[in-house]
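Engineer: Sending over a structure as structure tokens; questions will come in a sec.
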Amino acid sequence: MINPNPQNIIDYLLMTLRTTLLLLSLISPCLADSPLPDLGHPSQTTLSPEHEKELGEAFIRALKAHARFVNDELVNDYIHNLGLKLAANSPERGREFNFFIIDAGDINAFAGPNGTIGINKGLILAADNESQLASVMAHEIAHVTQKHLTRAYQASENTNITTLATILAAILIGAADPTAGAAVMFGGVAGNMQSQINFTRSNEYEADRVGIQIMTAADFNPKGMIEFFEILQSQSLYGSENDLEYLRTHPLNNARIAEASNRASKTSFQFNNDSLIYQLARQRLIVANSQVPAELINGYLESKSESAEKTYGRALIYLRLNKPDQAIHTLKNLHKKQPHLWYQLALAKAFYKNNDEAEAIKLYQQLNAIYPDYLPVTHAFARALINYKKYSKSIQILEKQLTEQKNSETYNLLAQAYSRQNNLLKAYSLKAEQYAFDGFYELAIQQLTSALRLPDNNTESLKRLSAQMQIYKNKYKTD
């Protein structure tokens, strides 16, 4: 927990309120539909780097507790690498960023404390090509590097204290009754909205300018930003800006579009608009998002000329429909024409679904040898080994992976493997490490409590578990 001194108590309150508001907007549709002022947070003026990191970690923990994240490891890895590529070409190249996908269908993206940037699944699906998606991510990175959250906080200091009181009331009321909280919020802040919007618009112009610079440096077509503006305009054509979440926090008008278009047109380089891996990631989200995959596949089959990504999508639908034979045939032909790791991973899964253990293990082993540090491969291989009751082998590759890179799912799979071996002491301990890694120390303590109750504990294990428990308790007290 951040421990502000008495002089910074108001700053601390503002930071807490901002984080809580963002969470309420995610977990309460009623509250999310109310226009909220952007208070920002004084991360650059009143927070040390250590405290900013603590706030960012607490922010992520709270999101994980209340919002659904997309759990597709391939898509998450793609978004993470895309974000890192853009961030490496930003004004703060050494800054750490954390990119994640919220499992929500509306078009939205946001920058939170400590360089945390969230992208809604709906936004990725709305983008037609990679440059359009990159434009949104570059824009959010620019909000962080240009310290717009700090500026918004400084602006809020000069507005009306009623705004802060109303927000606090909305939080308190909204915790018990989101509808009532939203009503209080709207009634109290409406009069103060215009000054906040004007300030936000100046941020948007600067974020566009810096975002275009980031895109150009990272070799993405800056015209993708203009194309995405057109998508936003099209989405809101028959409604107001309040009907589109992204436009509430990122106001868009013709002047802003014209200025961004003018900047983008000044670049003389030839850029690629798109990439195959973006389209493959998009297909994974489309197929996973489909409520009736059998109907989705009909549209694919009716297409006269099927692209590689559509063929991949069709194979994924076959897997969802439990038709592994058709998936195997489709993926083999696709990989023969244009080899890609994601096709091979899908093929290994198809072999598994087809009860072809030998072929599945053989392909997973080959991929793990070629890509030993690629977590989606390691985890897919480990899951197959666990399902085939090859627990020792799965433990071997997962423990090797942990020495290279700490990861929540690696801990989780290791705990599963040890549990299947009836090694409950190790399973509880690893599950505790997973929760601690994610910052959920109370849950970690619960796992260790269960481990300490096991009848086969010896003196050494009791001592180790007790020491681990004390570390988590200390963390939990200061969290």
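The values are calculated or read from the model by the stated rules, or taken from the named source; none is laboratory data. Only a predicted model underlies this, so the values are computations on that prediction, with no experimental measurement involved. Here Cβ is always computed from backbone atoms with ideal geometry, including for glycine, and neighbour counts include all displayed protein chains.
Engineer: Take the residues in segment 327-366 that are within 20 Å of Lys389 (Cα to Cα) and polar (S, T, N, Q); name whichever of them is surrounded by the fewest Cβ atoms within 10 Å (Cβ to Cβ).
Structural biologist: Filtering segment 327-366 for residues that are within 20 Å of Lys389 (Cα to Cα) and polar (S, T, N, Q), the one surrounded by the fewest Cβ atoms within 10 Å (Cβ to Cβ) comes out as Asn355.
Engineer: Is it the case that Thr311 is among the β-branched types (Val, Ile, Thr), farther than 22 Å from Ile397 by Cα and under 27 Å from the mean Cα position of the chain (by Cα)?
Structural biologist: For Thr311, the condition - among the β-branched types (Val, Ile, Thr), farther than 22 Å from Ile397 by Cα and under 27 Å from the mean Cα position of the chain (by Cα) - is met.
Engineer: Let me ask something additional. Look through segment 297-314, keep the residues that are touching a helix residue (DSSP H, G or I) at 6+ places or on another chain (Cβ under 6 Å) and farther than 23 Å from Ile101 by Cα, and return whichever of them is surrounded by the most Cβ atoms within 10 Å (Cβ to Cβ).
Structural biologist: Arg314
Engineer: Which one of the conditions (1) buried (at least 22 other Cβ atoms within 10 Å of the Cβ); (2) more than 22 Å from the chain's Cα centre (by Cα) does Tyr388 fail to meet, given that it meets all the rest?
Structural biologist: For Tyr388, the exception is condition (1).
Engineer: Kindly check whether there is at least one residue in segment 315-324 that is of a type outside the set (A, V, I, L, M, F, W, C), in a helix (DSSP H, G or I), surrounded by 15 or more Cβ atoms within 10 Å (Cβ to Cβ) and touching a Leu at 6+ places or on another chain (Cβ under 7 Å).
Structural biologist: Among the residues of segment 315-324, not one is of a type outside the set (A, V, I, L, M, F, W, C), in a helix (DSSP H, G or I), surrounded by 15 or more Cβ atoms within 10 Å (Cβ to Cβ) and touching a Leu at 6+ places or on another chain (Cβ under 7 Å), which makes the answer no.
Engineer: Additional query: Return the pair list, or none, for Cβ contacts closer than 9 Å from residues in segment 68-91 that are touching a residue at least 60 places away in the same chain (Cβ under 8 Å) and closer than 18 Å to Leu316 by Cβ to residues that are among the hydroxyl-bearing types (Ser, Thr, Tyr) and assigned to a helix (DSSP H, G or I), at least 6 apart or on different chains.
Structural biologist: So the pair list comes out as Tyr78/Tyr278.
Engineer: Of everything in segment 356-393, what is at pLDDT 95 or above and outside any helix (DSSP H, G or I)? Give them in sequence order. Talk me through it step by step, then tell me what you get.
Structural biologist: So the first thing to find is which residues in segment 356-393 are at pLDDT 95 or above, and the list is 356-371, 374-393.
Passing the criteria: Asp356, Tyr371, Tyr374, Tyr388, Lys389, Lys390.
Engineer: Could you please give the count of residues in segment 69-103 that are buried (at least 20 other Cβ atoms within 10 Å of the Cβ), modelled with pLDDT under 95 and small (Gly, Ala, Ser)?
Structural biologist: Selection size over segment 69-103: 1.
Engineer: List pairs: first in segment 354-378 and under 26 Å from Asp325 (Cβ atoms), second surrounded by fewer than 19 Cβ atoms within 10 Å (Cβ to Cβ) and among the β-branched types (Val, Ile, Thr), Cβ under 9 Å, 6+ apart or cross-chain?
Structural biologist: Partner pairs satisfying both residue conditions: Val377/Ile370.
Engineer: Within segment 448-479, take every residue that is of a type in the set (D, E, K, R) and over 28 Å from Glu50 (Cα atoms) and give me the one that is modelled with the lowest pLDDT.
Structural biologist: Kept after step one, since they are of a type in the set (D, E, K, R), are these residues of segment 448-479: 453, 456, 460, 463-464, 473, 475, 477, 479.
Within this subset, residues satisfying the condition of being over 28 Å from Glu50 (Cα atoms) are 453, 456, 460, 463-464.
Values: Arg453: 94, Asp456: 85, Glu460: 91, Lys463: 93, Arg464: 93.
Top of the filtered list is Asp456.
Engineer: Out of curiosity, is Leu430 within 27 Å of the chain's Cα centre (by Cα), part of a helix (DSSP H, G or I) and buried (at least 21 other Cβ atoms within 10 Å of the Cβ)?
Structural biologist: Yes.
Engineer: Among the listed residues Ser156, Ser135, Ser195, Ser202, which satisfies the condition of being at pLDDT 50 or above and over 24 Å from the mean Cα position of the chain (by Cα)?
Structural biologist: The match here is Ser202.
Engineer: Mind checking whether some residue in segment 398-411 is farther than 26 Å from Thr449 by Cβ, free of Cβ contacts under 8 Å to residues at least 40 places away in the same chain, polar (S, T, N, Q) and outside any helix (DSSP H, G or I)?
Structural biologist: yes
Engineer: Within segment 263-274, is even one residue surrounded by fewer than 16 Cβ atoms within 10 Å (Cβ to Cβ), among the hydrophobic types (A, V, I, L, M, F, W, C), modelled with pLDDT of 95 or more and closer than 23 Å to Leu82 by Cα?
Structural biologist: Scanning segment 263-274 turns up no residue that is surrounded by fewer than 16 Cβ atoms within 10 Å (Cβ to Cβ), among the hydrophobic types (A, V, I, L, M, F, W, C), modelled with pLDDT of 95 or more and closer than 23 Å to Leu82 by Cα.
Engineer: I'd like to verify a number: residues in segment 290-314 that are among the charged types (D, E, K, R) and not in a helix (DSSP H, G or I), how many?
Structural biologist: Residues flagged as among the charged types (D, E, K, R) and not in a helix (DSSP H, G or I) within segment 290-314 amount to 2.
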